[in-house]
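Take a look at the structure set out below.
Quick note: the coordinates plus some simple rules give every number you see, no bench work behind them. Quantities reported herein were computed from a predicted structural model and do not represent experimental measurements. All Cβ positions, even for glycine, are placed from backbone atoms using ideal geometry, and neighbour counts span all protein chains on display.
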């Protein structure tokens, strides 16, 4: 502060400074003396402001340091501080003059030791378990033979090669790879986005929607696998509509995604084995089932044939069953000719009896009925009856002729009246009636003329008046139209 403070003269009071001068001097002193520092302690109060800035406290059993991470720094933090977490923060000491306090501007947060990580993991596990995300009834069965498998992993590691190699050996399937970072600060958001992205695909679209998801990573320390312990990843896996297999780390490694996934695989290779059956084993099983089916059908046919033969031995022989019916048929065949002859004779005698009684009575009644009908018709053909019918028809014809003439006269009168009315309308609308009022029609060389230009070109002019027509030479028509008269209420008909 030597550059700011001047020593007072002897006998004078101490120099005066403004608040801003003292605050600025303190800020420069603290920032210049410490620069970047690493501080270990327990996270106290944590607050994420609407602006995106993160405010929290780092404390031990005796002191508290205020910490702040600006919005751009929060997105780059590998670990989000939580209350009660033991951390090592890295940043730059500075002051906040508006509140007369010093603070550390944190740009990196690391968990202080594996014990702290496990404590935070246990806390998250209890929270998610209390929400029912680990419940067994939420687990969905894996599809037996998925058409498309989505893999969320690093595209450059050995994990994806192991999975593809294992799938190719067991049962080749279509594989969609969503590349992500499998460790570091970008791991958690990218894995969560990949799971949600696969679920957002529509069935039958340009990019097929997977039937099964595999989230895979090789082994590593708890810090390397920490991205799969983030709450965002666990919730994305729990909300996935597509069955999901977690294959993170080795068999002894456990992450939060293992508890919320539908199936946990000890290794990525084991995940591929869970995803599809062995094609050769499946073909062998189908061949075995086909052979069993063929043997079952053959055995069934043999058993039923033997049963049929056993039952046939208990039945009498066919020729023995037909002996009695054959004898009855022979007897009936021998008796049939004689029975036909006797039947015909009996019916002939009966017919003779009936015809004898019918000849006299029935024929006489029929002749009498025909005679009466002939008499009625002869009466209708007499001259008197014919004259009456002729007069009746003649009167009817005359009446129809009169009605026809009346109808003809009425129709003809109506047509005449209509024709007269149309003629009056034609005369009213035609130009002849206009000629009676003093107008004339001008024609040149047989064509109608409506302006002086046409009249000038015509070799002969014809004027039509109401009482006749006259012909004039073209020079009789003025070359220029006279000045039009004053406007009147009379309109032009042309």
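What value does the chain have for Rg/Rh, both radii from Cα atoms and Rh as Kirkwood defines it?
With Rg and the Kirkwood Rh in hand, the quotient comes to 1.55.
Measuring from the lowest to the highest alpha carbon on each principal axis, how far does region 19-112 reach, largest first, in angstroms?
37, 31, 20
For residue 311 and residue 280, what is the calculated FRET efficiency with R₀ set at 35 Å and r taken between the beta-carbons, to the nearest 0.05?
0.15
If I take every Cα pair under 8 Å that is 6 or more residues apart in region 432-476, average their sequence separation and divide by the length, what percent do I get for the relative contact order?
Relative contact order of region 432-476: 35 percent.
Looking at the chain, send over the antiparallel percent of its DSSP beta bridges, to the nearest 5.
Bridges in the chain that DSSP calls antiparallel: roughly 65 percent.
Once you keep just the Cα pairs under 8 angstrom separated by 6 or more residues, what percentage relative contact order results for the chain?
Value for the chain: 8 percent.
Working only with C-alpha atoms, what are the Rg and Dmax values of region 258-374, expressed in angstrom?
My reading of the Cα-based Rg and Dmax gives 44.1, 122 Å.
If you take the C-alpha gyration tensor of region 181-274, multiply each eigenvalue by 5 and take the square root, what semi-axes do you get, largest first, in whole Å?
After scaling each eigenvalue by five and taking roots: 22, 15, 11 Å.
Hey, how many Å between the Cα centroid of region 49-89 and the Cα centroid of region 230-253?
If we compute the Cα centre of each part, the gap is 27 Å.
Using a basic spin-label model with each label point 7 Å from the Cα along Cα→Cβ, how many nm lie between residue 17 and residue 64?
Result for the modelled spin labels: 2.7 nm.
Using just the alpha carbons, could you tell me how many Å³ per residue the convex hull of region 295-447 encloses?
Per residue, the Cα convex hull of region 295-447 comes to 688 Å³.
Once both labels are modelled 7 Å past Cα along the beta-carbon direction, what's the residue 453-residue 298 spacing in nm?
10.9 nm
When all C-alpha to C-alpha distances in region 86-143 are sorted into bins of 5 Å, what percent of pairs does each bin hold, rounded to whole numbers?
With 5 Å bins starting at 0, P(r) equals 4, 15, 12, 12, 12, 11, 11, 9, 6, 3, 3, 2, 1.
Over region 40-156, what relative contact order in percent results from Cα pairs under 8 Å that are six or more residues apart?
It comes to 20 percent, rounded to a whole number.
Can I get the semi-axes of region 371-458's equivalent ellipsoid? Compute them from the C-alpha gyration tensor as square roots of 5 times the eigenvalues, in angstrom, largest first.
For region 371-458, the ellipsoid semi-axes come out as 74, 15, 8 Å.
What whole-number value in cubic angstrom gives the convex hull volume per residue for the C-alpha atoms of region 432-476?
72 Å³
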